[in-house]
1. State which residue is modelled with the highest pLDDT when the search covers only the range 100-111 and only residues that are surrounded by fewer than 24 Cβ atoms within 10 Å (Cβ to Cβ) and either hydrophobic (A, V, I, L, M, F, W, C) or more than 24 Å from Ile215 (Cβ to Cβ) (or both).
2. Give the residue, chosen from Ile179, Ile135, Ile129, that is of a type in the set (A, V, I, L, M) and surrounded by fewer than 20 Cβ atoms within 10 Å (Cβ to Cβ).
3. Suppose the filter is in contact with a strand residue (DSSP E or B) (Cβ under 6 Å, 6 or more places away or on another chain), crowded, with 24+ Cβ neighbours inside 10 Å and under 19 Å from Asn214 (Cα atoms); does Leu147 pass it?
4. I'd like to know if the range 159-178 contains one or more residues that are in a helix (DSSP H, G or I), within 16 Å of the chain's Cα centre (by Cα), farther than 17 Å from Gly48 by Cα and modelled with pLDDT of 95 or more.
5. Which ones in the range 117-126 are open to solvent by 30 Å² or more (accessible area, probe 1.4 Å) and either in contact with a helix residue (DSSP H, G or I) (Cβ under 8 Å, 6 or more places away or on another chain) or more than 27 Å from Thr11 (Cα to Cα) (or both)?
6. Can you confirm whether Val114 is free of Cβ contacts under 8 Å to residues at least 40 places away in the same chain, open to solvent by less than 50 Å² (accessible area, probe 1.4 Å) and within 16 Å of the chain's Cα centre (by Cα)?
7. Scan the range 136-153 and report the pairs whose first residue is under 17 Å from Ser169 (Cβ atoms) and whose second residue is of a type in the set (Phe, Trp, Tyr) and open to solvent by less than 50 Å² (accessible area, probe 1.4 Å), with Cβ atoms within less than 6 Å and a gap of 6+ or a chain change.
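The values are calculated or read from the model by the stated rules, or taken from the named source; none is laboratory data. Small disclaimer: the values here were computed from a predicted structure and weren't measured. When we count neighbours, we look across all protein chains shown, and the Cβ atoms used for this are built from the backbone with ideal geometry, even at glycine. For accessibility, only protein heavy atoms count, side chains too; no ligands or nucleic acids. Shrake-Rupley method; radii C 1.70, N 1.55, O 1.52, S 1.80 Å.
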Amino acid sequence: IIFRSPSCLPTTLQLKSEQKRGAIVTSEIEMLMNTCPCKIIGVTGSDGKTTTTTLIYEILKAGGYNCYLGGNIGVPLFTKVKDFKEDDIVVLELSSFQLMEMEISPDIAVVTNVSPNHLDKHSSYEEYIEAKKAIFAYQDNDGRVVLNYDNDITREFAKEAEGKVVFFSSKTKLDDGFIYDSDYGKIKECHDGIRKHLLEVKDIHLRGIHNYENICAALAATAGLVDTETQIEAVKNFKGCLLYTSPSPRDTERC
């Protein structure tokens with residue numbers, strides 16, 4: 001059994017050679033997801049995934065859940081699997097390198113957007129897009145996938161999703177989903193054409209349309225798990241995410 005790190009792509013010739021000899025190639029993240037006894041929320045995208053992942057984590061904590069944050073950020077959660085309980089929730093930021101050739105998807109998947117990225121590592125843009133799809137490709141109809149309606153690629157992902165699709169948008173006034181309405185400076189939840197005002201952006205610490213989209217994605221991912229009022233307060237209190245690059249507090253940076 002070979003555990004590859006994210007920087008060592010599964011297309012690496014040495015790994016392919018070992019697979020032909022009978023080796024099983026997996027990763028810390030894939031083994032974590034296969035052994036995890038509780039619900040998993042996964043977030044990927046070319047931009048915004050760290051902010052969205054951390055915001056989801058903070059909303060869930062505000063809702064009273066015992067949560068674990070990991071994947072492309074935080075500590076290796078595979079070392080903590082023995083501590084997980086059925087009612088806990090694991091929140092993972094997942095890069096294309098982690099998703100490549102993975103054959104399991106989180107219960108709730110979020111794709112913030114897809115644009116050309118890491119093409120110095122991937123053999124093609126198509127390979128990069130296919131890697132992103134793994135975050136929802138193995139869901140069943142009990143799964144949920146949150147997608148950016150404004151991004152041509154992620155909007156098309158909906159056609160391949162087995163789980164429930166929830167869109168978010170900052171450009172289109174959706175009949176269903178979560179939107180940032182720039183005309184009124186508000187974030188809204190939409191059901192059957194009825195749009196409910198949730199937040200005014202003047203009350204939010206985060207700034208910029210990209211962050212309002214991240215908030216919409218986080219609200220969509222936690223809908224049904226946390227009541228609306230708790231979601232709103234958690235978003236209002238969120239001041240940004242910390243990227244922990246070492247155990248030392250002085251080595252942190254804001255994103």
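1. Out of the qualifying residues, it is Ile104.
2. Ile129
3. Yes.
4. No, every residue in the range 159-178 fails to be in a helix (DSSP H, G or I), within 16 Å of the chain's Cα centre (by Cα), farther than 17 Å from Gly48 by Cα and modelled with pLDDT of 95 or more.
5. Within the range 117-126, Asn117, His118, Leu119, Lys121 qualify.
6. Considered against the rule, which asks whether it is free of Cβ contacts under 8 Å to residues at least 40 places away in the same chain, open to solvent by less than 50 Å² (accessible area, probe 1.4 Å) and within 16 Å of the chain's Cα centre (by Cα), Val114 comes out as no.
7. Pairs found: Val145/Phe136; Leu147/Phe157; Leu147/Phe167; Tyr149/Phe167.
Yes/no per residue for (1) of a type in the set (A, V, I, L, M); (2) free of Cβ contacts under 8 Å to residues at least 60 places away in the same chain; (3) within 21 Å of Lys132 (Cβ to Cβ):
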| position | (1), (2), (3) |
| --- | --- |
| Lys20 | no, yes, no |
| Ala23 | yes, yes, no |
| Thr50 | no, no, yes |
| Gly71 | no, yes, yes |
| Ser95 | no, no, yes |
